[in-house]
Every structure is written in C-alpha cells, then in structure tokens.
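Here the structure comes first, spelled out in structure tokens, and everything after it is commentary.
The values are calculated or read from the model by the stated rules, or taken from the named source; none is laboratory data. Just so it is clear, the structure is predicted and the values come from calculations on it, not from any experiment. Cβ coordinates were reconstructed from backbone atoms using ideal geometry, including for glycine residues, and neighbour counts include every protein chain displayed. Each accessible area value is taken on the protein alone, full model and side chains, heavy atoms only, with ligands, DNA and RNA left out. Shrake-Rupley method; radii C 1.70, N 1.55, O 1.52, S 1.80 Å.
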Amino acid sequence: MSNPIESEINAFMDEVKAKNPNETEFLQSVREVAEITIPYMEEHPRYKEANILHRLVEPERVIMFRVPWVDRTGRIQVNRGYRVQFSSAIGPYKGGLRFHPSVNLSILKFLGFEQIFKNALTTLPLGGAKGGSDFDPKGKSDREVMKFCQSFMTELHRHISKYTDIPAGDIGVGKREIGYLFGQYKRLENEFTGVLTGKDLNWGGSLIRPEATGYGAVYFMVEMLKTAKDDFKGKRVAVSGSGNVAQFTTEKIIELKGKVITVSDSSGYIYAEDGLTTDHLKFMMELKNQDRGRVSEMAEKFSGLVYYEDEPAWNLPGEVDVVIPCATQNELGEEDARKLVEKGVRFVGEGANMPCTTEAVHLFQKKKVLFGPGKAVNAGGVAASGLEMAQNALRLRWEREKVDEKLLYIMRNIHAQCVRYGENKHGEIDYVKGANLAGFIKVADAMIDQGAV
Ligand code: NDP
Ligand code: 2IT
C-alpha cells in the first residue's frame, strides 16, 4: 500500500498524463516537480487552496505554426514552428529556441516548464517559455538557414515583444540564427529593440552571454565542491557535447586547473587522458562554430586524443571525479550512472536541460553523489540574458568584468537557495529538492498575489 502523499502524487500525475498523452519528456519534468512540491504543500496549504500545481502545468499559451521556406534547389520545404509561453507570473516569457529534427511539443513543453523554475532561481524578473522547430540546420547553407529564420520570424513576430516574450538560443540556434531572426523582426516591426537575447556585441548583445551557461555551471559546481571542502584542481571531469555550453564549461575548468577528459557530439566522443589543453579547445571551437565539423576531427589533428565512434562519453576508460553532461535530454541513463559511480564520480552537474534520466538521478542520490539539476546549474545562460535585457533597456553596455561578477553572484545565490531549501538536519544537501522548492515558492507566491489569471 502506498502512503497518502504518494497516492496524491500518482493521482495528480494520472490527471496530467490523461490531458497530455504521449508527452513523455513533459511528464518526466512535471513528476520531478510534483514529487517535491506536493509533500511541501501538505504543510503549506495556501498553495493547495490556490490550486497552484494544476494551474502551473497548463501553459498560458501554445503557439504552433507552419514554416514554409525555399531551399537551394528551389523546392518549397515546410517545417513546424512552436512557441510555448508557459508562465508570466514573475516576468515576461523568456527562454530559448531550439532547432533540431527531434523537436516536438513534448520536448518544448518540458523545456518551457523547467524554464519557469530556473528563471525564478536567477532572482531576475523573467517568466518561462521555450520554442523552436524540427528544422535541422545541419547540412544547410547559410542562405537556407536565413530563409528559414525569416519565415519562422514572419509568424513569430506577432506573438513576441520586448515586454511580452524574449526568445534566445538553444540547441541549433546560435549567433548566426539569432542574427537572421533579429533582422527579420526589426524589418517587420520597424523597431530596434532587445526582443531577442544572445545578440552579437555590435548590435545590442552583452559581453559574457556566450560564455554564461558554461561559466555559470562551473561557478555553481565550485560552490558544490566547496561544501565537500574540495575544488577543481586536478579533478578529472567528463563533459558531454561540444556546443556552446560544453565549450565554455571546458574553458572555465581548464582555467581552474581541472582536467576535461571527454567531450562529444551525436556521433561519438573524444577521450583526453591528460585533459584537454587550450589548443585543443581552440581547435574544437573553430571546428564547431565556424566549420560545423565533427569532434572526430580532433583526434585526426592531435595525437594525444582518442575518438570512440557511436559511444557516449560515459563509457570513458579510467576514473572520473566530476561529470557535467552538456548535450541533450536523457543522454545519461541508469546504466551509465552505475558505470560512472564505479569509476569514482562524486559530483554531477547538469549543464544541459534534463540530461539525466529520473532513474540515473535516483541512483546518484542513493550513492551519495552530489547532484545538481539543470534548472540550477545551467541558469547562468538565461541570467546573462536577463542582464542583456537590462543593458538594452538602459541603452548602454557593461564591461566584461561587471557582467561576469554579476553572473558569479547569481550562481552563488542559486547555490545558497538550493542549500536553504534542500539541506536536511544531517547537513546533507538535496539539490533537486532545494532548486525545485525555491523556484516554486517564488512563482506560486506571485500567482497568489495576482489572482486567478
Ligand atoms: P549547441 O547546439 O551549441 O550544442 C549541442 C551539442 O549537443 C552538440 O555537441 C550536439 O552534437 C549535441 N547534441 C544535440 N542533440 C543531441 C542528441 N540528440 N544526441 C547527442 N548529442 C546531441 O547547444 P547548446 O550547447 O546551446 O545546448 C546544449 C544543452 O544545454 C541543451 O540541453 C540546452 O537546452 C542546454 N542549455 C543551453 C543554454 C544556452 O545558453 N545555450 C542555456 C541553458 C541550457 P551534434 O553536433 O552532433 O548535434
Ligand atoms: O535553456 C536555457 O536556459 C536557454 N537556452 C537560455 C534561455 C535564454 O533565454 O537565454
């Protein structure tokens, strides 16, 4: 027989499942929040009386649209575009756009739902949203990407503004895509405003925004390691991915004298027994950002690097102290977690959104591995986006040091919130509980203040 709280969680999940059948990623992210907030609400009935959780899992608005565009051969292609405007309780909708063939409503709803709590943790006034398309920028020419972005924005522009909804990048959406999207918005609205973040420095971007998610993740992990009276020096760190988040996570760890022993892409992973050097990283950044190549080319260029085709980084040979998955959702499962525990991992931080499956998270926690969830660990990116919005509103640009200092302060504050709401009487920190509760309370209080809207 399950206890009454468990029954309540299961009954709630059954309801959400009935309304959102087949949305596995969305249901996974909702369950994590429900498991933590439903017991809390037993002791704080005002949230239950206001029916907060049922209201929160219903997006304020979902926009889904056709995106037709003409490819280089003259053929008319069509993709599906989305924007999930999840919650505006504490600020205008804010969150990235993802262009990847795997994009569907479930994935964008999970990302939008996560974004609500993440944005609340930053302490900035930002609501939660996510959007994107099943368009695949891989193998497309710059012109094709431009055509697609222009068509995407031709529909999206009527649903966003600097006061309503401020998109940014995510997987497959970087500086190039943000440029084309911004250009089309400006043309349609005849307005030069900070409606997107992640802009280039020349036209309204912020210093440190490109670095912010990776740097922020490492700033958070530094605080986590401190709770165990430890630091990054000499640590063997397994990173996955080789995109924006992986690149700047790697850069900061090298600066702190840690050893990044793996990076990857969807084709395989690179193993660096002695840790990646700044030369390796520079090559990887050019390879990924300009040439749009594959990590396998790193092993062709440098003799000390080994490439493993079709394998996740978690298969790495040798020992590991810290794991920071920075690629995509559910890339690290229970079996991977078990192997990593055997190899000695003590600290895990999600650079990506929900890269660890529920079972993997539970295993890490059972084995007393300190585990930081994405909504806390990777919040530095959206935090710097919030700082970009502030600079746009003030019509000025802050120095690199100033933005970096604010980012560090925000990440330390997020860590402190996790400790405040997640520490038990033995001094053990449950970061999943801490991050979810801290984010939930802020949003729930705002919803109560604003009434049934
Ligand atoms: P990029 O597009 O820059 O890089 C994505 C990386 O992940 C690439 O190495 C890519 O490999 C790999 N990847 C993507 N999809 C898959 C897949 N299905 N299987 C295996 N590997 C995959 O994206 P970002 O670095 O910006 O984003 C990475 C993660 O971080 C995402 O979860 C994103 O939501 C999250 N995030 C990003 C933030 C940001 O500011 N950019 C902020 C907070 C979180 P390949 O080249 O082979 O596709
Ligand atoms: O997942 C995320 O937090 C992002 N992709 C960044 C969102 C943003 O608005 O900067």
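When the chain is described by a simple charge dipole with +1 on each Lys and Arg Cβ and -1 on each Asp and Glu Cβ, the residue from 92, 348, 228 located farthest towards its positive end is 92. In terms of its Cα atoms, segment 366-433 spans 48, 17, 17 Å along the principal axes, sorted from long to short.
Evaluating 6.51 cos²θ - 1.76 cosθ + 1.60 at θ = phi - 60° for every residue in segment 401-417, the Karplus couplings come out as 4, 5, 5, 4, 5, 5, 4, 4, 4, 5, 5, 5, 5, 5, 4, 5, 5 Hz, glycine and proline recorded as x. Under 5 Å from the amide H of residue 135 lie the amide H atoms of 80, 100, each residue being 5 or more positions distant or on a separate chain, with H modelled from the backbone and absent for Pro and chain starts. The orientation-averaged projected area of the convex hull spanned by the Cα atoms of segment 282-336 comes to 5.0 nm².
Evaluating 6.51 cos²θ - 1.76 cosθ + 1.60 at θ = phi - 60° for every residue in segment 319-336, the Karplus couplings come out as 8, 8, 9, 10, 10, 10, x, 10, 9, 7, 5, 6, 8, 10, x, 4, 5, 4 Hz, glycine and proline recorded as x.
Taking amide H as placed 1.01 Å from N in the peptide plane, residue 198 has its amide H under 5 Å from the amide H of 206, each at least 5 places away in sequence or on another chain. Computed over segment 68-115, the range of Cα coordinates on each principal axis works out to 46, 20, 11 Å, biggest value leading.
To put it simply, the accessible area of segment 58-134 at a 1.4 Å probe is 50 percent carbon and sulfur.
Suppose we keep just the DSSP beta bridges with both residues in segment 202-348; what percent of those would be antiparallel, to 5? Just about 55 percent of them are antiparallel.
With a 1.4 Å probe and every protein chain kept in, tell me what percent of the accessible surface of segment 141-200 is carbon plus sulfur. The C+S portion of the solvent-accessible surface of segment 141-200 is 46 percent. Modelled this way, with points 7 Å down the Cα-to-C-beta line, the labels at residue 335 and residue 143 are 4.6 nm from one another. For a straight C-alpha distance cut-off of 13 angstrom, the aspartates and glutamates reachable from residue 402 (same-chain residues fewer than eight places away being disregarded) are 388.
Accessible surface for the chain, divided over its residues, is 43 Å² per residue with a 1.4 Å probe. Taken over the Cα atoms of segment 171-248, the convex hull encloses 108 Å³ per residue. Residue ranking by accessible heavy-atom surface, 1.4 Å probe, largest first, among 302, 182 comes out as 302, 182. The C-alpha atoms of segment 236-377 occupy a region whose extents along the principal axes are 41, 30, 27 Å, arranged from largest to smallest. Annotation: amide H of residue 262 within the under-5 Å range of 239, 272, sequence separation 5 or more or interchain, hydrogens built in the peptide plane. In this Cβ point-charge picture (+1 for Lys and Arg, -1 for Asp and Glu), segment 275-379 has a dipole of about 440 debye about its Cα centre. Taking θ as phi - 60° and the Karplus parameters 6.51, -1.76 and 1.60, the scalar couplings of segment 34-51 work out to 4, 5, 9, 7, 5, x, 5, 5, 4, 8, 10, x, 4, 6, 5, 4, 7, 6 Hz in sequence order, x denoting glycine and proline. Here segment 331-402 and segment 288-318 have alpha carbon centers that stand 22 Å from each other. Note on segment 5-127: with charges restricted to the Cβ of Lys and Arg (+1) and Asp and Glu (-1), its dipole about the Cα centre is near 960 debye.
Loop-located chymotrypsin sites (Phe, Trp or Tyr not before Pro) in segment 1-47 (DSSP state other than H, G, I, E, B) with a sparse environment of at most 14 neighbouring Cβ atoms within 10 Å are absent. Run the Debye formula on the Cα coordinates of segment 205-257, all scatterers equal and no solvent, and tell me log10 I(q)/I(0) at q = 0.16 1/Å. Debye output, listed in q order: -0.46. Scattering from segment 20-130 was approximated by placing one identical point on each alpha carbon and applying the Debye formula without solvent; log10 I(q)/I(0) at 0.20, 0.21 1/Å stands at -1.09, -1.17. Surface composition of segment 344-453: carbon plus sulfur atoms contribute 50% of the solvent-accessible area (1.4 Å probe, protein chains only, all chains present). Per-residue ellipticity at 222 nm for the chain, helices alone: DSSP H runs ≥ 4 residues times -39500 (n - 2.57), over residue total, nearest 500 deg cm²/dmol? Mean residue ellipticity, 222 nm, calculated: -15500 deg cm²/dmol. Note on residue 42 and residue 162: the extension gain reaches 39.4 nm, defined as 0.36 nm multiplied by sequence separation minus the Cα-Cα distance.
Only Lys, Arg, Asp and Glu carry charge here, each on its Cβ (+1 for the first two, -1 for the last two); on that basis the chain has a dipole of about 1160 debye about its Cα centre.
Give me the percent of Cα-Cα pairs in segment 254-319 that sit more than 16 Å apart, rounded to a whole number. In whole percent, the share of Cα-Cα pairs in segment 254-319 beyond 16 Å is 42. The modelled label-to-label distance for the pair residue 423/residue 58, using points 7 Å beyond Cα in the direction of Cβ, is 3.9 nm. By the Stokes-Einstein formula, at 1.002 mPa s and 20 °C, segment 235-277 with its Kirkwood radius over alpha-carbon pairs has D equal to 213 µm²/s.
The value obtained for the chain, namely the Cα convex hull volume divided by the number of residues, is 146 Å³ per residue. The gain in end-to-end length when the residue 77 to residue 366 segment is fully stretched comes to 99.2 nm, 0.36 nm per residue minus the alpha carbon separation.
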